[in-house]
1. Looking only at segment 1-36, filter to residues that are among the charged types (D, E, K, R) and touching a Leu at 6+ places or on another chain (Cβ under 8 Å); which one of those is modelled with the lowest pLDDT?
2. Taking the options E237, E212, E205, name whichever one is in a helix (DSSP H, G or I) and surrounded by fewer than 14 Cβ atoms within 10 Å (Cβ to Cβ).
3. Can you name the condition, by its number, that I13 falls short on among (1) surrounded by fewer than 22 Cβ atoms within 10 Å (Cβ to Cβ); (2) aliphatic (A, V, I, L, M); (3) not assigned by TED's automatic domain parsing to the domain that holds E327?
4. Could you give every pair whose Cβ atoms fall below 7 Å, whose first residue belongs to segment 361-372 and is on the phi < 0 side of the Ramachandran plot and surrounded by fewer than 22 Cβ atoms within 10 Å (Cβ to Cβ), and whose second residue is of a type in the set (G, A, S) and assigned to a loop (DSSP other than H, G, I, E, B), counting only separations of at least 6 or pairs across chains?
5. Look at segment 106-137 and say how many of its residues are free of Cβ contacts under 8 Å to residues at least 24 places away in the same chain and in contact with a Pro (Cβ under 7 Å, 6 or more places away or on another chain).
6. Give the residue, chosen from L348, L322, that is in a loop (DSSP other than H, G, I, E, B) and either over 12 Å from the mean Cα position of the chain (by Cα) or free of Cβ contacts under 8 Å to residues at least 40 places away in the same chain (or both).
Amino acid sequence: MEKQTSFVLHGNIIYTPDKDNFISLKNGYMVVEDGKITAVAAEKPAAADRLPVKDCHGQLIMPGFADMHLHAPQYIQIGMGMDYKLLDWLDGYTFKEEPKFADPAYAREIYPLFVDELASCGTTSSTMFATIHQESTDILCDLLAQKGLRAYVGKVNMDTNSAPALTEDTASSLQATEEFISKWQNHPLVKPIITPRFVPSVTAEMMTGLGELAKKYQIPVQSHLSENPGEIQLVKELFPEDKYYMSVYERFGLFGQTPTLMAHCIHLSAEEIAIMAQTGVYAVHCPASNLNLSSGLMPMRKMLDAGVKVVLGSDIGAGHTLYMPHEIVRAIEVSKIRSIANPAETPLKLSEAFYLATKAGGEFFGQTGSFEQGWAADFLITDVPAYQQERTVDEQLQYFIYHGTAQDIREVYVNGLAVKK
């Protein structure tokens, strides 16, 4: 099956075409032709007479997960420094770890472990920060491409208020970024994304240059927004002329002028939430990270009700797992905690959280994350215990999301090709 991109799957199928509804089929069929989904049916389709049929009896077939914010170099520091808050955590751990990637040999040691675990956890699409180091970032991209995973990867930009080993010369950083963009912009799976680390670590000159690159090459942008009160105060001090934290990005062409992901978005006013909805900027909810660093509880329901595009991210290493079902559960739990004090904020339903981790994030890459006609065949096949076989397909998914593990994911496919088997 590794090279075969046309086949029929037969098993229990579930996906969310919208955030309010599951579509599920017990012993259904999904037709994959040339890496694309051409049909999902309850009865055996005619295509099963001309294509190989993969029997997934007693297994669950679902879309691959989309992790829309993570820091690949922080993989090695998962679980470290969780007694700290954001800025102290960065100084105490991250800004000591990331300089090691100046050595390409270190990248070749660590990044294969990260990429293998990402695939094993069923993440088929992801957007990630690398480091400031161009060669190590290329190594990460090469590994993702070899594995067959779909990803946006950012060579990080930092030219101020950073550890000396992570402070770049502005012109050199912009040149390296453009070279990186040119190398990867036409790859079918792994593509570049403009990545200023966050406002406090980039000068106005750097942001001007990055905004120009985003416009020139029409590529997306990712960064951080309103994660921590100390961070927000620092932005006010550095850019007092801007009304909001997000106003700094917007002024330099880094906030919705091309598709944009902003991680965290915890401490936003109603007006800022409205601006995010108007500009179409994505808010990436990273519930584990926000809890671990005591950053806050994202107002998910307010944002969804306002029309903001919301997706999920693991944010390793401030988050402590690459396994997206855990983030699905935490997103639901955080919404329930908020609803206790704010009854108008109804908690997330499982269909909503699952949608955020599949189709909502997948659409940033195009047509992936759902089982609709013409969409990419990015999917997982998971085991269902014998004692859960009589459950409905919806109940089997509930069991997997709340109690399953990465070991229950037997196979992972991207464009109909196996990346874990």
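1. E2
2. Numbers: E212 fails: surrounded by fewer than 14 Cβ atoms within 10 Å (Cβ to Cβ); E205 fails: surrounded by fewer than 14 Cβ atoms within 10 Å (Cβ to Cβ).
None of the others qualify; the one that does is E237.
3. (1)
4. Pairs found: E363/G369; Q367/G374.
5. Taking segment 106-137 and keeping what is free of Cβ contacts under 8 Å to residues at least 24 places away in the same chain, we get 109.
Retained after the next criterion (residues that are in contact with a Pro (Cβ under 7 Å, 6 or more places away or on another chain)): none.
So the answer is 0.
6. Numbers: L322 fails: either over 12 Å from the mean Cα position of the chain (by Cα) or free of Cβ contacts under 8 Å to residues at least 40 places away in the same chain (or both).
Within the list L348, L322, the selection yields L348.
For every residue, the table says whether it meets (1) at negative phi; (2) in contact (Cβ under 8 Å) with a residue 40 or more places away in the chain; (3) surrounded by fewer than 15 Cβ atoms within 10 Å (Cβ to Cβ).
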residue	(1), (2), (3)
V8	yes, yes, no
I23	yes, yes, no
K26	yes, yes, yes
V31	yes, no, no
A46	yes, no, yes
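A quick yes/no check of all residues on (1) touching a Cys at 6+ places or on another chain (Cβ under 8 Å); (2) among the acidic types (D, E); (3) modelled with pLDDT under 95; (4) surrounded by fewer than 24 Cβ atoms within 10 Å (Cβ to Cβ):
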| residue | (1), (2), (3), (4) |
| --- | --- |
| H264 | yes, no, no, no |
| L268 | no, no, no, no |
| A274 | no, no, no, yes |
| N290 | no, no, no, no |
| R301 | no, no, no, yes |
| L304 | no, no, no, yes |
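The values are calculated or read from the model by the stated rules, or taken from the named source; none is laboratory data. Keep in mind that this is a model prediction, so the values were computed, not measured. Using ideal geometry, Cβ is built from the backbone for each residue, glycine included, and neighbour counts are taken over all protein chains shown.
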